[in-house]
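Novice: If you scroll down you'll find the structure; I have some questions about it.
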């Protein structure tokens, strides 16, 4: 237990930091998600946004998410409405993660709920 204000802030900071293992896991998993989308779609670019991209993600990871934007070929825009596109992305992700129980459209994204954190995949043009 901290006995000074400085010690208390140091303990608070330590409680919010992500471990090396968690950083490795989040890095690998977001890259795998990006690769999975690229398997079934023509992806012009992918990029990260949010706290993970800014290196400000804090523990506990259970309440964190990683935001992945996938810039798709414009032909998907003409061929599918938003619901159909999100359903297609969800189907692709379910092939990659068949044992992950919660992969579902959520607004303009498809959310993959892993046991330790979530990844939001946002298809865009």
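The values are calculated or read from the model by the stated rules, or taken from the named source; none is laboratory data. Note that the structure is predicted; figures quoted are calculated from it, not measured. Please note: Cβ atoms are built from the backbone with ideal geometry, for glycine as well, and neighbour counts cover all protein chains shown.
Novice: For the range 17-27, does any single residue satisfy the condition of being surrounded by fewer than 14 Cβ atoms within 10 Å (Cβ to Cβ), under 19 Å from residue 93 (Cα atoms) and modelled with pLDDT of 90 or more?
Specialist: Yes.
Novice: Ok, one more. Answer with yes or no whether residue 14 is part of a helix (DSSP H, G or I), within 21 Å of residue 58 (Cβ to Cβ) and in contact with a helix residue (DSSP H, G or I) (Cβ under 9 Å, 6 or more places away or on another chain).
Specialist: No: the conditions fail for residue 14.
Novice: While we're here: Which one of the conditions (1) touching a helix residue (DSSP H, G or I) at 6+ places or on another chain (Cβ under 9 Å); (2) loosely packed, with under 14 Cβ neighbours inside 10 Å; (3) without any contact (Cβ under 8 Å) to a residue 24 or more places away in the chain does residue 101 fail to meet, given that it meets all the rest?
Specialist: Result: residue 101 passes all but (1).
Novice: With the requirement that a residue be touching a helix residue (DSSP H, G or I) at 6+ places or on another chain (Cβ under 8 Å), at pLDDT 90 or above and either assigned to a loop (DSSP other than H, G, I, E, B) or surrounded by 12 or more Cβ atoms within 10 Å (Cβ to Cβ) (or both), what does the range 36-64 give you?
Specialist: 36, 37, 40, 41, 42, 43, 46, 48
Novice: Can you say whether residue 3 is in a loop (DSSP other than H, G, I, E, B), free of Cβ contacts under 8 Å to residues at least 24 places away in the same chain, exposed (fewer than 12 other Cβ atoms within 10 Å of the Cβ) and over 14 Å from the mean Cα position of the chain (by Cα), as far as the supplied structure shows?
Specialist: Answer is yes for this residue.
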